[in-house]
């Protein structure tokens, strides 16, 4: 991935099938246990709210939101490592929260690795609170890692 000029304004739009190679490249760069092409295709085909963010003409992040029965579940929200630290992740999350209201969602949930302190700090700053733990939820180098479940009322 090329470094993106931080001065370029990020733009947001719905994710399409054509975006999947770039989304997968970011996913693989950002996570040791990335989602598969099938995971992203299933989200698109299921009608989940899938969005990408571009900056300087390059795709630098994406998010996936599932909803039902007044609840939303943030399944994935990721910014390319080369573009992190510029507020894009915060903007993606704020957009997810704003769009959730449009979908009639009253409460948002997400899971995060307890070892991902940077993400937890962002989520807490945005008003998410820890509400539970899913044991052995994530694959890890040494077996499995728990997931911290967080919630935010809208």
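Miscellaneous remarks
- Being surrounded by fewer than 16 Cβ atoms within 10 Å (Cβ to Cβ), closer than 18 Å to residue 22 by Cα and free of Cβ contacts under 8 Å to residues at least 40 places away in the same chain holds for only one residue in 85, 38, and it is 38.
- Checked against the criteria, residue 17 does not count as within 23 Å of residue 108 (Cβ to Cβ) and at pLDDT 95 or above.
- Whether a residue is within 21 Å of residue 118 (Cβ to Cβ), touching a residue at least 24 places away in the same chain (Cβ under 8 Å) and under 15 Å from the mean Cα position of the chain (by Cα) was assessed, and residue 67 does not pass this test.
- From 60, 53, 64, 79, residue being more than 21 Å from residue 152 (Cβ to Cβ), buried (at least 21 other Cβ atoms within 10 Å of the Cβ) and modelled with pLDDT of 95 or more: 60
- Residues that are over 14 Å from the mean Cα position of the chain (by Cα) and modelled with pLDDT under 95, drawn from the range 20-32: 32
The values are calculated or read from the model by the stated rules, or taken from the named source; none is laboratory data. Just so it is clear, the model here is predicted, and its values are computed rather than measured. Because the Cβ atoms are built from the backbone with ideal geometry, glycine has one as well, and the counts that use them run over all protein chains shown.
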